[in-house]
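Undergrad: Below is one structure. I have some questions about it.
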Amino acid sequence: MLDLVRGCTFDDLILSPQRSVLARRDPSAIDLSSRISRRITLKRPIVSANMDTVTRAPMAIVQAEEGGLGVIDRGFRPGEIEPQVREVEIVKRTQHGVIKDPWSIAPTASLDEAAALMEKKRIGTLVVVDERQRLAGLLTERDMRFVTRRGSYVSDRMTPVAQLVTHEGVIAPDAAERLMVERKIKKLPLVGKDGSLLGLITARDLVRQRRMPFATRDTHGRLRVGAAIGATGDYLERAAELIRAEVDVIVIDIAHGHSIVMERAIEQFRKRFGEFEMIAGNVATAEGAKFLLDLGADGIKVGIGPGGGCTTRITTSFGVPQVQALVECRLALGDSDVAVVADGGVRRHGAIFEALLFGGDCVMLGSAFAGTEESPGEVVHKSVVLPESQKTVKVPFKVLRGMASLAAIRDRLDVEDADKVELEALGAEGMEISVPSRGSVRPIVRDMIKHVCSSISYGGAASLGEAREMFWKDPQRFLIKQSASARRESYER
Ligand code: XMP
């Protein structure tokens, strides 16, 4: 297998069409489930990259809602841990099955305090709990409408627990829905035997869950999210805070993951956080993958130099063409259940399927999601000359930058005033690119999924798993190396 793809990346190869067995290429009927790490499965194998111009909470929310995952970047300055934690919290609080820790207030608090809390947290309901955390009632915005707040307390306006429908212990979403319909309620507090508050189920969250059956959720029904840390400096403290905020997976991300720095970082991580789900990278060789496997990573990020905003290969002459890297790493992992995250180099949708076929359990994308509404950063308008009419028009752009670009390093290190020589000494391996600003990332992800389904159909399989199986059993049946003119025929339009 390795001999067939040595020196190759996505555009060097094309796949020979097989007899299709699918009546319809329906994304809701084709199984695309695949892992991102040992214990986390995605229904759709797409992940947004931990880059500060790609993934913050808005991107991570859409990715998880669409069945993939977003990894919040670590592009915050050393010691600035809280902003990254906040992004994780926003995702975790977006959609729930059960809200484990709903915003609450004491019955003795004033209505002014209640109104201020609702406004700050942008919520319409507060759970009222006494000093022993027992449910005392519910207070909604409506309860405070048209009343003089001054001198009034939460206990004056809340619906007291005696008049509420509650449920003792845990309840399945279906049963909760039936109860809510039957009793005509929109909120169902869950309580322990002693009346202590266990959580809250809301009709709105149940409706959202139903509408998004592919979403990536944790055991409490909340959206899953990942977050990146480095391998030196504040990385352990950062990990501790992210884990406290209930991040689902930590990604230890450095440019060259097959290194002594990574070895120390993983050892320390495991010592401190035990079995917590952890992906490490990046590597691109069999030895690199084996190294991370032996150190105990649950997932391995593969890709040295293929990224759209990356200049590693230009500046250092090191790297491995991405298809070769994926095959090498997949073969090195053998029967282990450690997942491969194929990271970078996807410049057209077809390459997603290739990445998934050649060894990626899921695929990580950066530039493909840049410039969308959900990517961080300001929209700037630049003058562009139209080639046909030579007219100048203002076009909206957003910036995509490599995480090892000078600008990203400068921001992370807070060395705005450092002179140019000092910055150059940092050895940038990334660049800044202007990307036309476009709409939401949601239709882009959906299109990608549809195209993966079409690839499965062309490949003669009924699911992603089956496509991989067929391919690895007899790769020569599929693989065609493209000549330079074949590549032109394939991609030049
Ligand atoms: P795409 O091709 O999807 O790749 O934009 C995203 C991946 O690129 C990597 N990345 C970098 N690599 N220097 C690098 O060598 C950089 O400055 C840089 N920034 C991002 C990263 O693995 C990301 O997921």
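The values are calculated or read from the model by the stated rules, or taken from the named source; none is laboratory data. Worth saying up front: this structure is predicted, and the values here are computed from it rather than measured. FYI the Cβ positions are ideal-geometry reconstructions off the backbone, even for glycines, and counts take in every protein chain you see. These accessible areas exclude ligands, DNA and RNA; they are computed on the full protein's heavy atoms, side chains included. Shrake-Rupley method; radii C 1.70, N 1.55, O 1.52, S 1.80 Å.
Undergrad: Cβ contacts < 7 Å: first residue more than 21 Å from Met364 (Cβ to Cβ), restricted to region 266-290; second residue open to solvent by 10 Å² or more (accessible area, probe 1.4 Å) and at pLDDT 95 or above, any location; separation 6+ or different chain. Result?
TA: Final answer for the pair search is Gln268/Leu236; Arg270/Gly296; Arg272/Leu236; Phe273/Ile243; Glu287/His258.
Undergrad: Mind listing just one residue for me: the one in region 74-93 that is without any contact (Cβ under 8 Å) to a residue 40 or more places away in the chain and part of a helix (DSSP H, G or I) and, of those, least open to solvent (accessible area, probe 1.4 Å)?
TA: Ranking the qualifying residues of region 74-93, first place goes to Pro83.
Undergrad: Would you be able to tell me the number of residues in region 94-126 that are more than 16 Å from Gly137 (Cα to Cα), open to solvent by 60 Å² or more (accessible area, probe 1.4 Å) and in contact with a Leu (Cβ under 9 Å, 6 or more places away or on another chain)?
TA: Here the count works out to 1.
Undergrad: Name the single residue that is nearest to Val441 (Cα to Cα) among those in region 324-352 being of a type in the set (D, E, K, R), more than 11 Å from the ligand (Cβ to nearest atom) and not in a loop (DSSP other than H, G, I, E, B).
TA: Arg330
Undergrad: Let me ask something additional. Against the definition (within 25 Å of Glu374 (Cα to Cα) and modelled with pLDDT under 80), how does Ala407 come out, yes or no?
TA: yes
Undergrad: Does Asp361 satisfy the criteria of being away from the ligand (no atom under 16 Å from the Cβ) and either of a type in the set (D, E, K, R) or within 23 Å of Glu492 (Cβ to Cβ) (or both)?
TA: No, not satisfied.
Undergrad: Residue check, Glu374 against (1) within 10 Å of the ligand (Cβ to nearest atom); (2) open to solvent by 10 Å² or more (accessible area, probe 1.4 Å); (3) under 18 Å from the mean Cα position of the chain (by Cα), all met but one. Which one?
TA: (1)
Undergrad: Additional query: What residue, of Thr108, Thr125, Thr159, Thr148, is polar (S, T, N, Q), over 28 Å from Pro213 (Cβ atoms) and at pLDDT below 95?
TA: Thr148 is the lone residue from the list that is polar (S, T, N, Q), over 28 Å from Pro213 (Cβ atoms) and at pLDDT below 95.
Undergrad: I'd like to know if region 353-367 contains one or more residues that are polar (S, T, N, Q), touching a residue at least 24 places away in the same chain (Cβ under 8 Å) and open to solvent by 10 Å² or more (accessible area, probe 1.4 Å).
TA: Looking through region 353-367, at least one residue is polar (S, T, N, Q), touching a residue at least 24 places away in the same chain (Cβ under 8 Å) and open to solvent by 10 Å² or more (accessible area, probe 1.4 Å).
Undergrad: Same structure again: List every residue pair whose Cβ atoms lie under 6 Å apart, where the two residues are 6 or more positions apart in sequence or sit on different chains, the first residue falls within region 389-411 and is open to solvent by 40 Å² or more (accessible area, probe 1.4 Å) and of a type in the set (Val, Ile, Thr), and the second residue, located anywhere, is outside any strand (DSSP E or B) and within 10 Å of the ligand (Cβ to nearest atom).
TA: Final answer for the pair search is Val399/Thr53.
Undergrad: Would you please name the residue that is surrounded by the fewest Cβ atoms within 10 Å (Cβ to Cβ), looking only at residues in region 282-323 that are in contact with a Phe, Trp or Tyr (Cβ under 9 Å, 6 or more places away or on another chain) and outside any loop (DSSP other than H, G, I, E, B)?
TA: If we take residues in region 282-323 being in contact with a Phe, Trp or Tyr (Cβ under 9 Å, 6 or more places away or on another chain) and outside any loop (DSSP other than H, G, I, E, B), then Thr312 is surrounded by the fewest Cβ atoms within 10 Å (Cβ to Cβ).
Undergrad: Kindly list the number of the only condition in (1) surrounded by fewer than 20 Cβ atoms within 10 Å (Cβ to Cβ); (2) in contact with a Phe, Trp or Tyr (Cβ under 6 Å, 6 or more places away or on another chain) that fails for Ile229.
TA: Against the list (1) surrounded by fewer than 20 Cβ atoms within 10 Å (Cβ to Cβ); (2) in contact with a Phe, Trp or Tyr (Cβ under 6 Å, 6 or more places away or on another chain), Ile229 comes up short only on (1).
Undergrad: Could you tell me whether region 129-145 includes any residue that is of a type in the set (Asp, Glu) and either assigned to a loop (DSSP other than H, G, I, E, B) or farther than 30 Å from Glu177 by Cβ (or both)?
TA: yes
Undergrad: Of all residues in region 31-73, which are buried (at least 24 other Cβ atoms within 10 Å of the Cβ) and farther than 19 Å from Val441 by Cβ?
TA: Ser37
Undergrad: Give me a count of the residues in region 324-352 that are under 22 Å from the mean Cα position of the chain (by Cα) and open to solvent by less than 10 Å² (accessible area, probe 1.4 Å).
TA: 8
Undergrad: Are there any pairs, at least 6 apart or on different chains, whose C-beta atoms fall under 9 Å, with the first in region 469-492 and within 14 Å of Gly359 (Cα to Cα) and the second at pLDDT 95 or above and of a type in the set (S, T, N, Q), and if so, which?
TA: Filtered contacts from region 469-492: Met470/Gln18.
Undergrad: Still on this model: Restricting to region 237-260, give me the number of residues that are within 16 Å of the ligand (Cβ to nearest atom) and either open to solvent by 40 Å² or more (accessible area, probe 1.4 Å) or among the β-branched types (Val, Ile, Thr) (or both).
TA: Of the residues in region 237-260, 8 are within 16 Å of the ligand (Cβ to nearest atom) and either open to solvent by 40 Å² or more (accessible area, probe 1.4 Å) or among the β-branched types (Val, Ile, Thr) (or both).
Undergrad: Only one of Leu198, Leu188 is open to solvent by 70 Å² or more (accessible area, probe 1.4 Å) and not acidic (Asp, Glu). Can you tell me which?
TA: Leu198
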